[in-house]
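*Asks:* The structure under discussion is supplied below as structure tokens; questions concerning it will follow.
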Amino acid sequence: MMMIHKDKCIELGLPVPKGHDTQPTYIVRCISGGFNLNTRVCRFIGIHNLHSIIPALFKKGIDFTLAHDRVLCPSSGEIPSRPVDVIYMTKEQQVAHPKEKPAPIS
């Protein structure tokens, strides 16, 4: 499993990854906290397979919104012409989302 880069999350104003976060749990924690994520941001912070994680989140019954849009690339500072996956939760989806579970006790 690829590591989520804490320094790059901080640089983008995203939550700091917790020790127990997997890529899917980090994504859910971000979007349930009101952040928008997209393919380019995810690649920048070390999540290179957002397109593969999205179907797994749908399968788990997590309610979020998926769109496709042209977005800023944090690496280049440009907005490439190709649209990418953008995921987020509306205010209603955030309210309906179950509260975050505590980390498992080791």
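*Asks:* Give me a count of the residues in the stretch 7-47 that are over 16 Å from ILE87 (Cα atoms) and among the charged types (D, E, K, R).
*Replies:* Residues in the stretch 7-47 being over 16 Å from ILE87 (Cα atoms) and among the charged types (D, E, K, R): 5 in total.
*Asks:* Of all the helices (runs of 4 or more DSSP H) wholly in the stretch 19-106, which have at least 3 residues that are closer than 16 Å to LYS6 by Cα and in contact (Cβ under 8 Å) with a residue 12 or more places away in the chain? Reasoning before the result, please.
*Replies:* Numbers: elements: 23-32, 39-45, 50-59, 91-96.
Per the criteria, 23-32, 39-45.
*Asks:* Another one. Just to be sure I understand, how many residues within the stretch 45-83 are closer than 25 Å to LYS18 by Cβ, surrounded by 13 or more Cβ atoms within 10 Å (Cβ to Cβ) and among the charged types (D, E, K, R)?
*Replies:* So the count comes out to 1.
*Asks:* Let me ask something else. So which residues in the stretch 74-92 are within 15 Å of the chain's Cα centre (by Cα) and of a type outside the set (Phe, Trp, Tyr)? First the steps, then the outcome.
*Replies:* So in the stretch 74-92, the residues within 15 Å of the chain's Cα centre (by Cα) come out as 74, 84-90.
The answer is PRO74, VAL84, ASP85, VAL86, ILE87, MET89, THR90.
*Asks:* Quick check on LEU66: is it under 18 Å from LYS91 (Cα atoms) and at pLDDT 95 or above?
*Replies:* Values: under 18 Å from LYS91 (Cα atoms): yes; at pLDDT 95 or above: yes.
Considered against the rule, which asks whether it is under 18 Å from LYS91 (Cα atoms) and at pLDDT 95 or above, LEU66 comes out as yes.
*Asks:* Let me ask something additional. Which condition number in (1) exposed (fewer than 11 other Cβ atoms within 10 Å of the Cβ); (2) modelled with pLDDT of 95 or more is the one that MET2 fails?
*Replies:* With (1) exposed (fewer than 11 other Cβ atoms within 10 Å of the Cβ); (2) modelled with pLDDT of 95 or more applied to MET2, the lone miss is (2).
*Asks:* Additional query: Quick one: is ARG29 within 11 Å of the chain's Cα centre (by Cα), closer than 22 Å to GLU92 by Cβ and of a type in the set (Lys, Arg)?
*Replies:* Values: within 11 Å of the chain's Cα centre (by Cα): yes; closer than 22 Å to GLU92 by Cβ: yes; of a type in the set (Lys, Arg): yes.
Answer is yes for this residue.
The values are calculated or read from the model by the stated rules, or taken from the named source; none is laboratory data. Since we're looking at a predicted model, the values are computed, not measured. Here Cβ is always computed from backbone atoms with ideal geometry, including for glycine, and neighbour counts include all displayed protein chains.
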